[in-house]
Amino acid sequence: MTIIEKLSKFSAATLHEALGKTGNLPSGIKPISSKMKVCGPAFTVKTMPCDNMLLHRAYAYAKAGDVLVVNCSNFYEAGYWGDLMSLGAKTKGINGLVIDACVRDADDIEAMSFPVFSRGLCIRGTSNHGDGTLNEPIIIGDVLINPGDYIVGDRDGVVVIPQNRIEEVIEKAIAREAKEERTREELRKGRTSLQIYGWDEKYGY
């Protein structure tokens, strides 16, 4: 089983917890369709404000299975990505896009089932001067993202898993899910979470 297959079994929230409540990107970055999920190693991009030439280069250079992860220099109000780039990226086997800014052509992107996670939608066009960096470390929110770190995203949000912690996080995620299933069994029996966690005496009334 590949790393992508292993990580795809877990929610972004479970992996965030397994990381010790770290690795979460800003909550404003969400899938443009609630059913979209993404998983794969990061191909990192940093663009200048309102410029998307680096995104054209990124999907052309990235490997099949990669997830494009983009810092847009804190300028959100532009549609850096659209349906044509999505088609090109999907055809190349790119697993998705996570961008700290806006995109456009949402209906067409959703129809082709290419996973896009963004700050929102914006119709404003961009320039194509091309300044920025490709496949070098970037920061989104307070998370450092290195090329090759693993990205997992779903409706709840996006988490970044450092390459050197993959196996540790998978083990902890498995243990967490087993613990949560035991909790579900107790809840089905009628016990409350206060009782299960031993908080009823401390917080009871």
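The values are calculated or read from the model by the stated rules, or taken from the named source; none is laboratory data. Remember, it's a predicted structure, so these values are computed and weren't measured experimentally. We place every Cβ from the backbone using ideal geometry, glycine too, and count neighbours over all the protein chains shown.
Brief remarks follow.
- Lone unmet requirement of (1) over 19 Å from Ile3 (Cβ atoms); (2) in contact with a Lys or Arg (Cβ under 8 Å, 6 or more places away or on another chain); (3) assigned to a helix (DSSP H, G or I) for Glu136: (3)
- Every residue from the range 139-173 that is assigned to a strand (DSSP E or B) and closer than 13 Å to Asp100 by Cβ: Ile139, Ile140, Val143, Ile145, Ile151, Gly153, Gly157, Val158, Val160
Residue-wise test of (1) of a type in the set (A, V, I, L, M); (2) assigned by TED's automatic domain parsing to the domain that holds Val67; (3) out of contact with any strand residue (DSSP E or B) (no Cβ under 7 Å at 6 or more places or on another chain).
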| residue | (1), (2), (3) |
| --- | --- |
| Leu15 | yes, yes, no |
| Gly28 | no, yes, yes |
| Ser33 | no, yes, yes |
| Val38 | yes, yes, no |
| Pro41 | no, yes, no |
| Thr47 | no, yes, no |
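- Arg191 part of a loop (DSSP other than H, G, I, E, B), without any contact (Cβ under 8 Å) to a residue 12 or more places away in the chain and basic (Lys, Arg): yes
- Per the conditions (1) touching a Pro at 6+ places or on another chain (Cβ under 9 Å); (2) part of a loop (DSSP other than H, G, I, E, B), the sole criterion not satisfied by Pro41 is (2).
- The set of residues in the range 101-121 being within 24 Å of Val160 (Cβ to Cβ) and in contact with a Gly (Cβ under 8 Å, 6 or more places away or on another chain) consists of Cys102, Val103, Ile109, Phe114, Pro115, Val116, Phe117, Arg119, Gly120, Leu121.
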